[in-house]
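What follows is one structure encoded as structure tokens, with my remarks underneath.
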Amino acid sequence: MGSGAAERGQTHRRPVLLPFLLSLFCQALSEQIRYRIPEEMPMGSVVGNLAKDLGFRVLELPTRKLRISSEKSYFTVSSETGELLVSGRLDREQICGRQPVCALDFEAVAENPLNFYHVSVEIEDINDHAPKFAHVFFDLQISESAQPGTRFILGSAHDADIGTNALQNYQLSPNEYFSLLSKEKSDGSKYPEMVLKTPLDREKQKSYRLTLTALDLGEPPLSSTAQIQVLVTDANDNPPVFSQEIYRVSLPENVRPGTTVLQVTATDQDEGVNAEITFSFSEAGLRPEFDLNSNTGEIIILNTLDFEEIKEYSFVLEAKDGGGMIAQCTVEIEVLDENDNVPEVIFQSLPNLIMEDSELGTLVALLKIRDKDSGHNGEVICKLEGDTPFKILTSSRNTYKLVTERVLDREKNPEYNVIITATDRGKPPLSSSSSITLHIGDVNDNAPVFQQASYVVYIAENNPPGASIAQVSASDPDLGPNGQVSYSIAASDLEPRALLSYVSVSEQSGVVFAQRAFDHEQLRSFELILQARDHGSPALSANVSLRVLVGDRNDNAPRVLYPALAPDGSALFDTVPRASEPGYLVTKVVAVDADSGHNAWLSYHVLQASDPGLFSLGLRTGEVRTARALGDRDAARQRLLVAVRDGGQPPLSATATLHLVFADSLQEALPDLSDRPLPPDPQAELQFYLVVALALISVLFLLAVILAIALRLRHSSSHEAWGCFQPGMCTKSGPVVQPNYSEGTLPYSYNLCVAHMGKTEFNFLQSSDPLSSGQDILCSESPGTLFSLCNSSESTSHQVSFH
């Protein structure tokens, strides 16, 4: 899984993989994968085969989508080979400063399944920086009275590298008066001290030029030089002396600018100008965070301190008297961490959708908590706000997993607003929250549901083909194709071959159509099993029963079963004993109706009878009985015309003719049937007379109208000829009541008006429907009266009756 510690190529890369995989199919690595490479590697250089070290096969790379999740893109993963490649400049000094160990920690994220792995790349230092002096020229004034062994602190050099590549030693150009010592500060940095070996004599030599060299031990070693000019001055016997050789102080990072850090003091035993001391930084401009009062020795903060950037400051102060003698001391300032950084929640990976059928414990997102503070101030507690079906699991080093805790249901909650709060352990604690919206993906987990448990519809027979008879509706709370419902007929109690000729259902709307006109007498009801199916994969469905009841219409007339005609078409007859008593059952009319209900409720009525008072007919039974005893004058042969009506609206009817013969035996009845003609039917004769009279009256009315029009065209000035056409010209003889002829065969009544003009008489008919209040009509109250005669000149009326 690792690549060992062997050197790789000429770039001096040494990738090392410390831990071993617990399993090729484990959920996450509990240890880091570590690599070690030198800084300033070229872009595209191979750090190591990350996919191989994680146990991935090359064929899995397209689906696993291995990638790097970090704040700064120093590395990337090859999608083809799975190698970890350098994608940015690796300058160790810029990334880590002077930290002894420089490691870039990041997460490698893989999908299908979603997982993350800790990777650490240690950046090794190379000797790419030479030691540098802040000033390449120094002026040093030394009194000729200075005693051998006197020390003078010189300006130090700085090397950005670390370890053996950092500054290791100072050298002074050979001379007989001065020697050099390398001393080390508390932070590990070195500075030079020049020591006077022999007394100086200004009268012999006023100045000396020396070369100071700073060297490191890198491969190859690098160095830099600075020139020192020593000026020998007249005797200033006592140099300044600091109260402490090293000043140490600790400051919290939130100290406000302008605050006094400390005050250094120095004394000089000389007097006068030689005792006047001024303070200064030995290396001006290197410490912009602080200011030094040259007279009082107070060190004041100029800019805000930041523990996360610089944890310690170390610099050299000089005290110089009026005679030019210098004393030096070291000031070390430790910056203390304060809880001034709010924790940050950083999401490493977020899915577009979380399927609602995800198992418990499914990884939803990776998140990392970052707090720049240290110690307790940098320890963070992460928690989930609100009631959500998720929970947070601690992974390692402020890395957390967001996983499912309860079953998800998109139909109840299509999305969740997840709020994660990170709180550090500082005093007072600081916290921050970050929210994400997680969308729940739909799966086909809901079958369609009908609005009713079952359907019952009624449809009257003789419906038009193609008519809508019912509509079913089902709903599916799923989304997209999972919620699109289509309808079909799953089963029926009709024959499969005949089903399509009876009904069909719309696949989209669920409307059920009749394919033919139903006949209640053939099919009174049938049942369909309708199915609603969604378009999910796999598809879900639901069934519902639809019962169709075909209602009856009065479309069948009664059918007479008895009496029936003989095979040769002749009418049959029934014999009645001559001695029959009243109530004797003569025969029975038997009829049936194919309809049902009221439409099949039959009633029997006598339309015509030779002797209406001789027989009675049962209204509901159709039984014909004698109403009285046969008299001597009664004909032996009787005829009954019976109507059979149903109870529909409108009612339908059928007729049956009964031939009844009063005889005690068949031999006695036969002569009556063959010799005697049937008696005339008075009702038929009356109908004939009424028709003839109506025709005559109509002809007379038309002639009168034509004559009236002709007279008006001649512009006659005489208005008496139109007396009967003018209101008030006919004499009223009393109250007139319009007769009711609703039970007769004529639909209207008529008034016959007679007008006299000289010797001419006009008879015409005038319809009395509707009657006007201005008409003079003399009507008879006799129920048999069909016409009324009105005389315009006489107050008499002539009644004409037709029977």
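With the condition kept exactly as written, say whether any residue in segment 73-82 is modelled with pLDDT under 85, open to solvent by 60 Å² or more (accessible area, probe 1.4 Å) and closer than 30 Å to Phe307 by Cβ. Within segment 73-82, one or more residues are modelled with pLDDT under 85, open to solvent by 60 Å² or more (accessible area, probe 1.4 Å) and closer than 30 Å to Phe307 by Cβ.
So for segment 117-125 (the condition being in contact (Cβ under 8 Å) with a residue 12 or more places away in the chain and more than 30 Å from Lys401 (Cα to Cα)), does at least one residue qualify? Within segment 117-125, one or more residues are in contact (Cβ under 8 Å) with a residue 12 or more places away in the chain and more than 30 Å from Lys401 (Cα to Cα). Just a yes or no: is a residue in segment 545-555 among the hydroxyl-bearing types (Ser, Thr, Tyr) and either closer than 30 Å to Val661 by Cβ or touching a helix residue (DSSP H, G or I) at 6+ places or on another chain (Cβ under 7 Å) (or both)? No; the residues of segment 545-555 include none that is among the hydroxyl-bearing types (Ser, Thr, Tyr) and either closer than 30 Å to Val661 by Cβ or touching a helix residue (DSSP H, G or I) at 6+ places or on another chain (Cβ under 7 Å) (or both).
Any residue in segment 516-533 that is within 24 Å of the chain's Cα centre (by Cα), under 17 Å from Gln451 (Cα atoms) and surrounded by 14 or more Cβ atoms within 10 Å (Cβ to Cβ)? Taking every residue of segment 516-533 in turn, at least one turns out to be within 24 Å of the chain's Cα centre (by Cα), under 17 Å from Gln451 (Cα atoms) and surrounded by 14 or more Cβ atoms within 10 Å (Cβ to Cβ). If you go through segment 438-465 and keep only what is buried (at least 17 other Cβ atoms within 10 Å of the Cβ) and of a type in the set (Asp, Glu), you end up with Asp442, Glu461. Applying the set (1) surrounded by 17 or more Cβ atoms within 10 Å (Cβ to Cβ); (2) touching a strand residue (DSSP E or B) at 6+ places or on another chain (Cβ under 7 Å); (3) of a type outside the set (A, V, I, L, M, F, W, C); (4) not in a loop (DSSP other than H, G, I, E, B) to Ser280 leaves exactly one unmet item: (1).
In segment 557-571 there is at least one residue matching the filter, namely being among the charged types (D, E, K, R), touching a residue at least 60 places away in the same chain (Cβ under 8 Å) and open to solvent by 60 Å² or more (accessible area, probe 1.4 Å). With respect to the conditions (1) among the aliphatic types (A, V, I, L, M); (2) part of a helix (DSSP H, G or I); (3) open to solvent by less than 80 Å² (accessible area, probe 1.4 Å); (4) modelled with pLDDT of 80 or more, Leu660 falls short on a single one, namely (2).
State whether the residues of segment 372-383 include one that is open to solvent by less than 50 Å² (accessible area, probe 1.4 Å), among the charged types (D, E, K, R) and in contact (Cβ under 8 Å) with a residue 12 or more places away in the chain. Scanning segment 372-383, I find at least one residue that is open to solvent by less than 50 Å² (accessible area, probe 1.4 Å), among the charged types (D, E, K, R) and in contact (Cβ under 8 Å) with a residue 12 or more places away in the chain, so the answer is yes. Against the numbered list (1) at pLDDT below 85; (2) over 30 Å from Leu114 (Cβ atoms); (3) within 45 Å of the chain's Cα centre (by Cα), Gly324 comes up short only at (3). Looking across segment 620-646, not a single residue is of a type in the set (Gly, Ala, Ser), open to solvent by 30 Å² or more (accessible area, probe 1.4 Å) and in contact with a helix residue (DSSP H, G or I) (Cβ under 7 Å, 6 or more places away or on another chain). Does Lys320 qualify as being open to solvent by 30 Å² or more (accessible area, probe 1.4 Å), within 19 Å of Ile153 (Cα to Cα), among the basic types (Lys, Arg) and touching a strand residue (DSSP E or B) at 6+ places or on another chain (Cβ under 9 Å)? Yes: the conditions hold for Lys320. If you check Phe307 against the conditions, is it in contact (Cβ under 8 Å) with a residue 60 or more places away in the chain, assigned to a strand (DSSP E or B) and within 54 Å of the chain's Cα centre (by Cα)? Against the criterion (in contact (Cβ under 8 Å) with a residue 60 or more places away in the chain, assigned to a strand (DSSP E or B) and within 54 Å of the chain's Cα centre (by Cα)), Phe307 does not qualify. Checking the stated criteria, Lys65 turns out not to satisfy the condition of being assigned by the TED database to the domain that holds Asn112 and closer than 21 Å to Arg397 by Cβ.
Being more than 43 Å from the chain's Cα centre (by Cα), under 15 Å from Ile33 (Cα atoms) and at pLDDT 85 or above is a description that does not apply to Val136. One residue stands out in segment 666-706 among those that are of a type in the set (S, T, N, Q) and closer than 30 Å to Leu572 by Cα: the one that is modelled with the lowest pLDDT, namely Ser674.
Could you check segment 495-504 and list, in sequence order, the residues that are open to solvent by 30 Å² or more (accessible area, probe 1.4 Å) and not small (Gly, Ala, Ser)? The answer is Glu495, Pro496, Arg497, Leu500, Tyr502.
Residue pairs whose Cβ atoms lie under 6 Å apart, separated by 6 or more positions or on different chains, with the first residue in segment 24-39 and at pLDDT 50 or above and the second of a type in the set (Lys, Arg) and open to solvent by less than 30 Å² (accessible area, probe 1.4 Å), are Glu39/Arg92. Restricting Tyr170, Tyr208 to those that are farther than 17 Å from Gln328 by Cβ and aromatic (Phe, Trp, Tyr) reduces the list to Tyr208.
Within segment 384-409, if we keep just the residues that are in contact with a His (Cβ under 9 Å, 6 or more places away or on another chain) and surrounded by 15 or more Cβ atoms within 10 Å (Cβ to Cβ), the residue that is farthest from Glu253 (Cα to Cα) turns out to be Ser395.
The values are calculated or read from the model by the stated rules, or taken from the named source; none is laboratory data. Predicted model only: the values in this text are computed from it and were never measured. No Cβ is skipped: glycine too gets one built from the backbone with ideal geometry, and neighbour counts run over all protein chains shown. Areas reflect the complete protein model, heavy atoms only, side chains present, ligands, DNA and RNA absent. Shrake-Rupley method; radii C 1.70, N 1.55, O 1.52, S 1.80 Å.
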